Amino acid sequence: MKIQDITVRKIFDSRGEPTIEISLKAGNRWFFASVPSGKSRGSREAKVFSFAEVVRALARIRQVILKKDFSSIRALDSALIRLDGTAKKSRLGGNLMLGISVAFARARAAAENKEVWQILRKEFFPGDSKTKVPRIFANVINGGAHADNNLDIQEYMVVARGASVRARVENLIDFYSRLGAVLKKKNSGRGVPVGDEGGYSLDFKNNFEPILVLENLIRTRGLTNNFSLALDAAATGFFARGSYIFGGKKLTSARLAGEYAHYFEKSRILFSIEDPFAERDAAGFSLTRKKMPRVWIVGDDLTVTNSSEIKKHAERKTINAVIIKPNQIGTVSEAADAILAANQYGLKTIISHRSGETEDAFIIHLAKASGADGVKIGAPTRERMAKYNELIRLYPVRS
């Protein structure tokens with residue numbers, strides 16, 4: 001398939017910050033992709049270019065790839081990776097490369113009259129003939145870098161499972177509304193602000209209180225068979241000068257691991273924690289993995305959707321689950337390689353959005369193509385609903 005033209009325009013993400021939309025012409029049709037951006041980023045993520053940098057880099061890319069024939073998504077991605085020549089996409093920008101890669105995936109799907117997930121499965125996951133319905137990780141209380149409150153933990157998530165996807169989404173929407181009413185009452189009848197991902201944001205007595213609030217509401221609504229809880233600590237955000245500042249105390253990795261273990265002992269429906277330690281503290285991850293062998297210990301900033309990092313930490317038994325964010329690595333092919341690496345070592349995979357989102361729902365297609373264990377798409381509100389709606393469309397049957 002020949003790429004006839006590529007253009008870019010500046011758009012704005014869910015935080016009102018600038019990002020990009022790629023338009024790619026192939027087969028006399030235009031295909032589009034918009035790229036999200038994270039606020040809480042791992043230091044080894046692909047570089048995000050400004051719009052001015054993107055315009056300059058695109059001029060270079062156009063000279064190399066326009067009018068050339070690419071037989072697959074990987075063929076195009078490999079050409080982009082060679083042209084960039086750096087580990088962090090420092091010459092072309094990970095956001096620009098990903099936009100081109102996703103738009104081309106859509107062009108490939110259209111050429112074969114298939115859904116995007118079908119073309120992804122055919123090229124990258126040909127052995128996965130069965131469709132696994134993923135758990136939905138919904139961030140309903142925000143803290144850390146995503147909110148203006150006193151919580152150190154960045155995300156408190158309700159995780160929906162069982163029933164049909166439509167029923168899960170309906171349950172999440174209802175739960176989110178009822179949680180707002182509970183928190184409004186807690187806030188003396190005042191409206192409750194929301195954070196970057198639509199989760200509620202207000203001060204709590206301590207980092208554990210949101211878990212109690214969520215668990216109580218789940219039990220009150222009779223949802224214990226359908227809902228569980230997960231955390232994203234994003235611990236790099238409260239790590240400074242060799243210690244973790246958590247709950248107003250300065251903690252070592254061992255003491256923080258003890259805090260987490262206490263949380264999981266007190267809550268029977270809490271089952272997963274993402275980035276419990278800073279991105280360079282692999283020993284902390286390993287310690288928690290040993291302390292809580294049945295808990296999902298999820299790597300994000302630790303692994304940055306990089307297949308080599310995923311393999312390394314899987315072999316060291318640092319983690320047993322991993323976040324996949326295509327814009328951390330910069331191409332569709334490399335994101336698929338990260339999933340394949342996780343699958344090779346039996347790690348759970350969670351395909352994730354970013355805090356600064358667009359209405360692009362590509363990650364839902366990646367989740368279906370790869371048979372992901374989970375999708376993490378924020379609170380069921382505002383711009384995040386585009387991904388919830390695509391989830392309902394792509395998974396019309398009961399799990």
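The values are calculated or read from the model by the stated rules, or taken from the named source; none is laboratory data. Since we're looking at a predicted model, the values are computed, not measured. Heads up, the Cβs are rebuilt from the backbone with ideal geometry, glycines too, and the neighbour counts pull from every protein chain shown. Calculation scope for accessible area: heavy atoms of the full protein, side chains included, ligands and nucleic acids excluded. Shrake-Rupley method; radii C 1.70, N 1.55, O 1.52, S 1.80 Å.
What to note about this one:
- What the Cα atoms of segment 188-294 give is an Rg and a Dmax of 15.0, 44 Å.
- GNM flexibility winner over the chain from 312, 89, 132 (Cα, springs under 10 Å): 312
- Cβ-derived FRET efficiency at R0 25 Å, residue 268 paired with residue 240, nearest 0.05: 0.15
- Take the Cα of residue 43, go 7 Å toward its beta carbon, and the backbone nitrogen atoms of segment 280-324 under 17 Å from that spot belong to 280-285, 300-305, 309.
- Per residue, the chain exposes 40 Å² of accessible surface when a 1.4 Å probe is rolled over the protein heavy atoms with every protein chain present.
- Assigned charges on the beta-carbon of Lys, Arg, Asp, Glu; segment 216-305 dipole about Cα centre (debye): 460 debye
- Under 20 Å of direct C-alpha separation, and excluding same-chain neighbours fewer than eight residues apart, residue 114 reaches these lysines: 2, 25, 122, 130, 132, 368, 387.
- Potential extension, residue 186-residue 83 segment - 0.36 nm per residue separation minus Cα distance: 31.6 nm
- Of the listed residues 50, 177, the order by accessible area with a 1.4 Å probe, largest first, is 177, 50.
- If you take all other residues with their beta carbon under 14 Å from the beta carbon of residue 211, and give Lys and Arg +1 and Asp and Glu -1, the sum is -3.
- Beta bridges by DSSP in the chain, antiparallel share as percent, to the nearest 5: 65 percent
- Amide H within-cut-off set for residue 3, under 5 Å, with H built and near neighbours excluded: 67, 68, 70
- Residue-span extension gain [residue 131 to residue 345] - 0.36 nm each, minus C-alpha spacing: 75.1 nm
- Residue among 197, 334, 123 with the largest mean-square fluctuation in a Gaussian network model of the chain, springs linking Cα atoms under 10 Å: 123
- Of 184/376; 184/291; 68/376; 10/89; 205/317, pairs whose Cα-Cα distance is over 29 Å: 184/291; 68/376; 205/317
- Helix-only CD estimate at 222 nm, as mean residue ellipticity for the chain, using -39500 (n - 2.57) per DSSP H run (n ≥ 4): -12000 deg cm²/dmol
- Rounded to whole numbers, the Karplus 3J(HN,Hα) couplings from phi for segment 201-218 are 9, 8, 6, 10, 4, 7, 6, 8, 4, x, 4, 4, 4, 5, 5, 4, 5, 4 Hz, using 6.51 cos²θ - 1.76 cosθ + 1.60 with θ = phi - 60°, and x at Gly and Pro.
- Heavy-atom accessible area, probed at 1.4 angstrom with all protein chains present, ranks 121, 44, 221 as 221, 44, 121, highest first.
- FRET efficiency estimate (nearest 0.05) - Cβ-Cβ, residue 2 to residue 51, R0 25 angstrom: 0.40
- In nm, spacing of pseudo-spin labels at residue 283 and residue 315 (7 Å Cα→C-beta vector): 2.1 nm
- Nearest 10 degrees, 0 to 90: helix 282-291 Cα axis against the chain principal axis: 50 degrees
- Ligands, DNA and RNA excluded, the heavy atoms of residue 296 present near 30 Å² of accessible surface to a 1.4 Å solvent probe.
- Cα centroid separation, segment 1-47 to segment 177-218 (Å): 34 Å
- Cα-based shape type of segment 112-179, given that a ≥ b ≥ c are square roots of the gyration tensor eigenvalues and the cut on a/c is 1.5: prolate
- Dipole magnitude of the chain about its Cα centre (Cβ charges: Lys, Arg +1; Asp, Glu -1), debye to nearest 20: 440 debye
- Solvent-accessible surface (1.4 angstrom probe) belonging to residue 96, in square angstrom, nearest 10: 0 Å²
- The computed Cα extents along the principal axes in Å for the structure shown corresponds, within (i) 62, 50, 42; (ii) 71, 50, 45; (iii) 60, 43, 41, to (iii).
- Whole-Hz Karplus values for segment 27-37 come out as x, 6, 10, 9, 10, 10, 7, 10, 10, x, 8 Hz, taken residue by residue from phi with 6.51 cos²θ - 1.76 cosθ + 1.60 and θ = phi - 60°; glycine and proline positions read x.
- Solvent-accessible surface (1.4 Å probe) assigned to residue 64 amounts to roughly 50 Å².
- Helix 253-266 and the longest principal axis of the C-alpha atoms of the chain enclose an angle of approximately 70°.
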